[in-house]
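The values are calculated or read from the model by the stated rules, or taken from the named source; none is laboratory data. Note that the coordinates shown come from a computational prediction; the quantities given were computed from them, not determined experimentally. Cβ coordinates were reconstructed from backbone atoms using ideal geometry, including for glycine residues, and neighbour counts include every protein chain displayed. What goes into the accessible areas is simple: the full protein's heavy atoms, side chains included, and nothing from ligands, DNA or RNA. Shrake-Rupley method; radii C 1.70, N 1.55, O 1.52, S 1.80 Å.
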Amino acid sequence: MMNYLKIFVAILMCFAMGAFAQSNVIILATGGTIAGAGAQSTNSASYQAAKVPVDQLLLGVPELNRVAKVRGEQVFQKASESLTDEDIVLLAKRVSALAKRSDVDGIVITHGTDTLEETCLFLSITVHTDKPVVCVASMRPSTAMSADGPLNLLSAVTVAADRQSRAKGALIVMNDEILSARDTSKMMNIKPNAFISPWGALGMVLEGKTYYFRTLAKRFGKHSEFNIDEISTLPDVRVIYGHGNAKSDLYYAAAQAGAKAIIHAGTGNGSVAGAVTPTLLELRSKGMQIVRSSHVNAGGFVLRNAEANDDQNGWVVAHDFNPQKARILTALALTKTSDPKEIQRIFWEY
Ligand code: GLU
């Protein structure tokens, strides 16, 4: 009888220890405003990004230790507009290597807001893991009054430490919201609620708890055909803005520079000006991939064979991916295929 009691108590203790064991979360720092510093506390918009090292960032938020065992790693110290494809490939390889370790439960990436949506989409589609990969940023530098970085970082670690955040694709955590990296964009450049998905947030994070409401109905992580462990470089893809009085010279310049695809950041439904259409047809006939996307602010949704005969022209539509996200997906697609039908399939599925 005594032995049974001992075994029962031992099992109970195992459960209790499991319940209270803290997750191990690695914070990969890349720079941005979250690591920014201004001259005065009133400088919420004039400051230098990418100044504060990760260890100092973590020291500024001692509450992190109540949520998880955190460790910081400085990968870059850059403003995100200066990140290159080489940088995001290197970062994704680091995320992938960490995700394979049994002593890592979640990964947080601190990043500048400007290209966060590009990097985080890239991680979502190329890192084959179910472990939470959470991108976070801030709109105000760490030295500003009401800096949003500390709470955003605490929220991101809370999300990364939570098993409920697994297998959801890379996430962006900002302003108490848990957003899908796939369709979230920086929609505003001056307000703390800058990040918006036209399809809504996946959930909320409040006072140390996550609340999920939806999941992503697209391919990502382990279900992606792109694996960062097999990718070393990305082909050159350029974005060219559509506007009134459009001319063709920039499209020719992109071709001359060696671009393999052009994302036409078109007006409205990804429409192409009459003066530009013959150029895009000519470039396509020489092997250039043409992807029609939309630059409308609240989120474009380009319909195939509307505004242009994409089937006949051999063009691709970017679906709901904005031009900068379409650049990432097209570059990945080109690592596998040069068939526009296949590239179109990829746009539908991811
Ligand atoms: N332009 C800088 C960057 O993207 C600062 C913007 C920000 O992080 O809010 O890193």
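Within the shell of other residues whose beta carbon sits under 14 angstrom from the beta carbon of Gly72, the net charge comes to +1, with Lys and Arg scored +1 and Asp and Glu -1. Judged by the gyration tensor of its Cα atoms, with axes a ≥ b ≥ c, the stretch 242-350 is rounded; a/c sits under the 1.5 cut. Which pairs break 20 Å Cα to Cα here: Lys69/Lys100; Lys168/Lys191; Lys93/Lys222; Lys222/Lys260; Lys51/Lys131? Going by Cα-Cα distance, Lys168/Lys191; Lys222/Lys260; Lys51/Lys131 fall outside the 20 Å limit.
With a 1.4 Å probe and all protein chains left in place, how much of the accessible area of the chain comes from carbon and sulfur atoms, in whole percent? The computed percentage sits at 55. Restricting the calculation to Cα atoms, the chain yields a radius of gyration followed by a Dmax of 22.1, 89 Å. Summing charges over neighbours of Ala99, with a neighbour being any other residue whose Cβ is under 13 Å away from its Cβ, gives +3 when K and R count +1 and D and E count -1.
The listed residues His264, His128, His223, once ranked by accessible area (1.4 Å probe) with the largest placed first, stand as His223, His128, His264. A compact globular protein would have a Cα radius of gyration near 2.2 N^0.38 Å; the ratio found for the stretch 113-204 is 1.01.
The value obtained for the stretch 176-295, namely the Cα convex hull volume divided by the number of residues, is 174 Å³ per residue. The order of the peptides 21-32, 235-246 by mean Cβ neighbours within 10 Å, most packed first, is 21-32, 235-246. Classified by the C-alpha gyration tensor, the stretch 39-103 has an oblate form. Its axis ratio a/c, with a ≥ b ≥ c, is 1.5 or above, and a/b does not exceed b/c.
Each of Ser146, Leu90, His128 was scored by the projection of its Cα onto the charge dipole of the chain, and the greatest displacement toward the positive side belongs to His128; charges sit on the C-beta of Lys, Arg, Asp and Glu. Would you mind checking the stretch 316-342 for residues with the amide N under 18 Å from a putative spin-label position 7 Å along Cα→C-beta of Leu303? Answer for this model: 316-321. Take every Cα pair under 8 Å whose residues are at least 6 apart in sequence, average their separation, divide by the length of the chain, and the relative contact order is 13 percent. Using a cutoff of 8 angstrom between alpha carbon atoms and counting only pairs six or more residues apart, the relative contact order for the stretch 248-350 works out to 25 percent. For the stretch 192-338, the per residue solvent-accessible surface stands at 47 Å², with DNA, RNA and ligands left out and a 1.4 Å probe. Using a probe of 1.4 Å on the protein chains alone, the accessible area found for Lys286 is around 150 Å². Protein heavy-atom accessible surface, 1.4 Å probe, per residue over the stretch 33-171: 40 Å².
Solvent exposure of Met139, expressed as accessible area, is near 20 Å², computed with a probe of 1.4 Å over the protein chains only. Translational diffusion of the stretch 298-350 was estimated from the Stokes-Einstein equation, with Rh taken as the Kirkwood radius over Cα pairs; at 4 °C and 1.567 mPa s the coefficient is 115 µm²/s. Ranked by solvent-accessible area (1.4 Å probe, protein heavy atoms only, all chains present), the residues Val316, Val75 order from largest to smallest as Val75, Val316.
When only alpha carbons are used to place a centre, the stretch 214-269 and the stretch 86-147 end up 21 Å from one another. Taking Trp199, Trp315, Trp348 and ordering them by how much accessible surface each has at a 1.4 Å probe, largest first, produces Trp199, Trp348, Trp315. Each peptide in 168-178, 224-234 was scored by the mean count of other Cβ atoms within 10 Å over its residues; highest first, the order is 168-178, 224-234. Counting 0.36 nm for each residue step from Met145 to Arg214 and taking away their Cα separation leaves a gain of 21.5 nm.
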